[in-house]
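Below is one structure; the comments refer to it alone.
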Amino acid sequence: MEIPLSLPLDHDGFVRRECPHCINQFKWHHGPANEEAERQPSPPAYYCPLCGQPAGPDSWWTQEQIDYARGAIAPTAARAVEEELRDAFKRTRSKHLKVEFKGTVDTPEVPPPLTEPDDMVIVSSPCHSYEPVKVPGNTSGPYHCLVCGQAFAI
Ligand SMILES: [Zn+2]
Ligand SMILES: [Zn+2]
């Protein structure tokens, strides 16, 4: 089954992320931020700008994004369950026993799309400046490079 999932970007093209280690949120740029970034290979892991711990590219979902994904999947999943039930009832039909499937499985509503506020401030590391991140404005660093984990102050 295919689930349409799109994550909202803020006006600078950043998407919200959550560190699986320190549970703090930051943002990274969605797709290459510039021409130099386009020429770089995708790193096997990214480093949290706030705590410096690495994790794979798919490990950075925020709780809101996970909840939204679950909600978006629910109607499709419910339909699939209903179809399977109907098939199962068809198969049990015989001369002596007639079973009918009545009623429907409740189909949950698709949640409203997420929105992305234009919060946080852009910082870029001296070592990999083509990969800027956004960090909460109330933090003071030092921050860590998203690409290599190197600490830097701003
Ligand atoms: Zn972290
Ligand atoms: Zn770096």
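Once backbone amide H atoms are built at 1.01 Å from N, Trp61 has Glu18 as its partners under 5 Å, excluding neighbours fewer than 5 places away on the same chain.
By accessible area of protein heavy atoms, probe 1.4 Å, what ranking do Arg91, Arg79 get, highest first?
Greatest to least solvent exposure: Arg91, Arg79.
Mean residue ellipticity at 222 nm, helices only, the chain: -7000 deg cm²/dmol; runs of at least 4 DSSP H residues each add -39,500 (n - 2.57), and the sum is divided by the number of residues.
Solvent-accessible surface (1.4 Å probe) assigned to Asp106 amounts to roughly 130 Å².
What is the local net charge at Val121, summed over the other residues whose Cβ is closer than 11 Å to its Cβ (Lys, Arg +1; Asp, Glu -1)?
Once all neighbours under 11 Å are counted, the net charge is -1.
Using θ = phi - 60° in the Karplus curve 6.51 cos²θ - 1.76 cosθ + 1.60, the 3J(HN,Hα) couplings for the stretch 75-91 round to x, 5, 5, 5, 5, 4, 5, 5, 4, 5, 4, 4, 4, 4, 5, 4, 5 Hz; x is entered for Gly and Pro. Across all directions, the average projected area of the convex hull around the alpha carbons of the stretch 10-81 is 6.6 nm².
Using unit Cβ charges (K, R positive; D, E negative) and no other charged atoms, how large, in debye to the nearest 20, is the dipole of the chain about its Cα centre?
Numbers: 14 positive and 21 negative charges, 193 e Å.
So the magnitude is around 920 debye.
Where a ≥ b ≥ c are the square roots of the eigenvalues of the C-alpha gyration tensor, would you call the chain rounded, which needs a/c under 1.5, or, failing that, prolate if a/b is larger than b/c, or oblate? Since a/c reaches 1.5 and a/b is larger than b/c, the shape of the chain is classed as prolate. In the context of the full protein assembly, Ser59 retains an accessible surface of approximately 50 Å², using a probe radius of 1.4 Å and ignoring ligands and nucleic acids. Set Lys and Arg Cβ to +1 and Asp and Glu Cβ to -1, take the dipole of the stretch 33-78 about its Cα centre, and tell me which of Gln53, Ala78, Ile66 lies farthest positive. My answer, from the dipole projection, is Ala78.
Put Leu9, Leu146 in order of accessible area, highest first, and with a 1.4 Å probe you get Leu9, Leu146.
Phi angles across the stretch 142-154 convert, under the Karplus curve 6.51 cos²θ - 1.76 cosθ + 1.60 with θ = phi - 60°, into 3J(HN,Hα) values of x, 9, 10, 5, 4, 7, 10, x, 4, 6, 8, 9, 10 Hz, Gly and Pro given as x. For Cys145, the residues 5 or more places off, or on other chains, whose built amide H falls under 5 Å of its own are Gln150, Ala151, Phe152.
The values are calculated or read from the model by the stated rules, or taken from the named source; none is laboratory data. Just so we're clear, the structure is a prediction, and the values are computed from it rather than from any experiment. Backbone-built Cβ (ideal geometry, glycine too); neighbour counts: all protein chains shown. SASA here: full protein model, heavy atoms, side chains in, ligands and nucleic acids out. Shrake-Rupley method; radii C 1.70, N 1.55, O 1.52, S 1.80 Å.
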